[in-house]
Structure formats: C-alpha cells, structure tokens
1. Give me the angle, in degrees from 0 to 90, between the Cα long axis of helix 164-188 and the longest principal axis of the Cα atoms of the chain, rounded to the nearest 10.
2. Restricting to bridges with both residues inside the chain, how much of the DSSP beta-bridge set is antiparallel, in percent to the nearest 5?
3. Between Asp120 and Arg45, what is the label-to-label distance in nm when each label sits 7 Å out along the Cα-to-Cβ direction?
4. Non-local amide H neighbours of Gly84 (under 5 Å, H modeled in plane, Pro and chain starts lacking H): which ones?
5. Residue-wise, which Karplus ³J(HN,Hα) couplings in Hz belong to segment 97-110, taking 6.51 cos²θ - 1.76 cosθ + 1.60, θ = phi - 60°, and x for glycine or proline?
6. Quick one: Karplus J couplings for segment 26-35, per residue in order, coefficients 6.51, -1.76, 1.60, θ = phi - 60°, nearest Hz, x for Gly and Pro?
7. Arranged from highest to lowest average of other beta-carbon atoms within 10 Å per residue, in what order do the peptides 118-129, 13-24 appear?
8. For each pair in Lys2/Lys73; Lys39/Lys111; Lys111/Lys149; Lys3/Lys170; Lys3/Lys111, compute the distance between the two Cα atoms and list the pairs where it is over 21 Å.
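Every read-out reported here was derived from the displayed coordinates using simple, explicitly stated rules and does not represent laboratory data. Because the structure is a prediction, the values reported are computed rather than measured. Glycine also receives a Cβ, built like all others from the backbone with ideal geometry; neighbour counts cover every protein chain displayed.
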Amino acid sequence: MKKRIAVLASGSGSNAENIANYFSNHELIEVSLFISNKKDAFIHRRAEKLNIPCYYFPTKQFNETDDVSGLLKKERIDLIVLAGFLLKIPENMLRAFPDAIINIHPALLPKFGGKGMYGDHVHRAVVAAGEEQSGITVHYVNENYDEGKIIFQATCEILPGDTPEDVARKVHALEYKHFPCVIEKVLNA
Ligand code: GAR
C-alpha cells in the first residue's frame, strides 16, 4: 500500500501543487489530501484542478478540537507536510503524529524563524539584515515555531540590490527543486 501524505497550506499552495505533481505517478507515495485553515485560499482552486480533496478547518476548530487529527487518522496519513501553513500545530496533533510532521521554512534556521516570521516577512527581514545568503530549511515540527530537528537545508546567494521579491523567487525555486525529494527521503527513512 502507498504511503499517504497530507499537505497543509494557508495561502497560495504553490508548494502543495508542486509536491502533488511530483508524486502523481509515484509507485510508493501519494498526496492524499490538502488541508487549509483559510476558506478562500488559492490552494482550494489548485486542489480542484489536481482532483485532490481539500478540507477547510477554521482556526478555532483546528486549534481546539481533535477533528483534524481524527480526519488524518481516518485517512491513514503517514506524513503531514506543512507548506506555507501558518498556524502552530496543537499538542494533540503532535502527540497523535510523533515524528510525522515536517515544515518548510523560507530561510536558514535558526536565523529568521519564530512567531510572525513567514513568507515575505522573512525575505524582508533577511534583506534588511544585509545577509549574503538565504535559503530553505526543512525540519520536524515540535511545540515551538521553527525549532524542531533540522532535516535539510539549501542556500541561495543574495546579490547587492536584491529586493525581498528577488529573494522570494530564489527561495521558491529551491523549495520546488528540493522539498519533494526531501519528503521522499523522509518517507523512505
Ligand atoms: C513558502 O515559501 C514557505 O516556505 C513559506 O510560505 C511560502 C508558501 O508559499 N512558509 C513559511 O513562511 C512558514 N513559516 P506557497 O503557498 O506558494 O507554497
């Protein structure tokens, strides 16, 4: 039986789509469902196009009930992948899926992580700090934002004059290139 992934995303979901495409004809792994905490997020449109079920859970239900863990258990999910998912994972879900939740962060942790550090906020902070490189970090999820064990990092150069948008483009390119392969390795580990 194939190993089953759930991808959680709060916004555009371009990583979710890239991951789904990567595994679409895979012999051993499939993307079984998406989850979003935003009703109008673009990921719902991507899901329709990809023919992947996309479940919406309002933040309160996500944080304060076992509904999401219940769905993930019922769907026999092996790995939960956070790809631009902005809520903290509640204790009950961490307990229900030990070592089975990973996140991608758009910078080189432990720098530029923590609460409020997501998406363009990260790229603006990186440019403002005069960093000469940025990149991606894939890590296991624990009870603190961006602090779980690091699985993989890749870097890109920041050139003089690069804007946060330039950095975002470079980081997204790294995400598309590496994240699916890292997921594959985690599942085969
Ligand atoms: C990605 O760059 C991801 O690394 C970042 O949000 C973006 C989502 O883009 N995640 C975080 O900032 C988490 N702290 P996408 O919706 O197009 O995949």
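1. Computed tilt is about 40 degrees.
2. Expressed as a percentage, antiparallel bridges in the chain total about 40.
3. For the pair Asp120/Arg45, the computed spacing is 1.7 nm.
4. Ile104
5. In residue order, the calculated couplings are 10, x, 6, 10, 10, 10, 10, 10, 10, x, 6, 8, 4, x Hz.
6. Going residue by residue, I get 7, 6, 10, 9, 9, 8, 8, 6, 10, 9 Hz, with x marking Gly and Pro.
7. Values: 118-129: 17.0, 13-24: 21.2.
The densest-packed peptide leads the list: 13-24, 118-129.
8. Values: Lys2/Lys73 15 Å; Lys39/Lys111 31 Å; Lys111/Lys149 14 Å; Lys3/Lys170 30 Å; Lys3/Lys111 33 Å.
Flagged as over cut-off: Lys39/Lys111; Lys3/Lys170; Lys3/Lys111.
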